[in-house]
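First the structure, in the form of structure tokens, and then the observations on it.
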Amino acid sequence: MSVNVNAAVTHGLPASSAAHLSIPGNIPWPDFLIGQPDQPVRVLLIDDDPHIRRVIAQELLADPRMILVGQASSMREGKRLVSQHAFDVMLVDLNLGDGTGFQLIEFMKSIRPVAEAVVVSAMEDEEHAIHAFELGATGYLIKNSWFGNFAQAVLQVVNGGASVTPNLARRLLRRLDKDGPGARHGCLSARSSGGLEALSAREREILRLVAVGHTSSEIGVRLSISAQTVNSHIKNVYRKLQVRSRAQAVTLASTYGILY
């Protein structure tokens, strides 16, 4: 039985941008985006299914904008890779035999808070997706989906976006509409505003640039600092606000009105 493990992502590029790299499908790839021949996106792949892991790995390796720095089939091995290797994005299944992808995401965010996590799962339900996002994931892809591919998903999240399989995204939107804006606002309002008050002027400046979609590299160019320094500031924002992702930090700051 063949299994199509392609997952969804909606990806658009400026039509005026010049192509600097030959990539699958001859899609133009601007030089200001992360994922270039001299600095490819570094990816970890954690999945206990050898067939699916092989298919995903082949798809990633076929794209010159990224490099697969490690693979694992268990939570224990995944933790070892996270601890020993520098990487930008972790693709992780939720069922790992000796643990869960949730546990691995939480572990990853505790020691590499700037790295992105994308869930790759057969479980297509809102509760699992919401829990993954709460832990700091910026993507949730469903195995056996016919939309998009994993390479696109990696590039989407590492450049400041999010990646969710379309039919799941639609259900999440319906759920938000049903719950109404008050539920999420009430949850955020219960959080102490002390962390926001503790943000430095530079941290607030960087958070505002993150909120309008700039990547760490773009922010570094604007502020004449390195992308590594930008990421250090973002780590401090995470710690002070007690959040695990850029989306959570921006949502909290927006709720308290400090972005504008």
Given (1) modelled with pLDDT of 85 or more; (2) within 17 Å of Met66 (Cβ to Cβ), number of the condition Ile52 does not satisfy: (2)
Residues of the range 123-132 satisfying the condition of being out of contact with any helix residue (DSSP H, G or I) (no Cβ under 7 Å at 6 or more places or on another chain) and surrounded by 21 or more Cβ atoms within 10 Å (Cβ to Cβ): none
Subset of the range 93-122 [acidic (Asp, Glu) and open to solvent by 50 Å² or more (accessible area, probe 1.4 Å)]: Asp98, Glu106
Number of the condition not met by Arg204 [criteria: (1) open to solvent by less than 80 Å² (accessible area, probe 1.4 Å); (2) at pLDDT 80 or above; (3) of a type outside the set (Gly, Ala, Ser); (4) within 19 Å of the chain's Cα centre (by Cα)]: (4)
Residues of the range 65-88 satisfying the condition of being aliphatic (A, V, I, L, M) and touching a helix residue (DSSP H, G or I) at 6+ places or on another chain (Cβ under 9 Å): Met66, Ile67, Leu68, Val69, Ala72, Met75, Val82
Leu188 being assigned to a helix (DSSP H, G or I) and either modelled with pLDDT of 90 or more or open to solvent by less than 50 Å² (accessible area, probe 1.4 Å) (or both): yes
Residue list for the range 94-132, restricted to those being touching an Asp or Glu at 6+ places or on another chain (Cβ under 7 Å) and under 20 Å from Leu172 (Cβ atoms): Gly101, Glu116, Val120, Ser121
Residue check for Gly148: modelled with pLDDT of 85 or more and either under 14 Å from Leu45 (Cα atoms) or out of contact with any Lys or Arg (no Cβ under 7 Å at 6 or more places or on another chain) (or both): no
Subset of the range 232-254 [in a helix (DSSP H, G or I), open to solvent by less than 40 Å² (accessible area, probe 1.4 Å) and in contact (Cβ under 8 Å) with a residue 40 or more places away in the chain]: Ile234, Tyr238, Leu241, Ala249, Val250, Leu252, Ala253
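The values are calculated or read from the model by the stated rules, or taken from the named source; none is laboratory data. Treat the numbers as computed from the prediction; the structure is a model and nothing was measured. Positions of Cβ are backbone-derived with ideal geometry, glycine not excepted, and every protein chain shown enters the neighbour counts. Remember, those area values only see protein heavy atoms, side chains included, never the ligands or the DNA or RNA. Shrake-Rupley method; radii C 1.70, N 1.55, O 1.52, S 1.80 Å.
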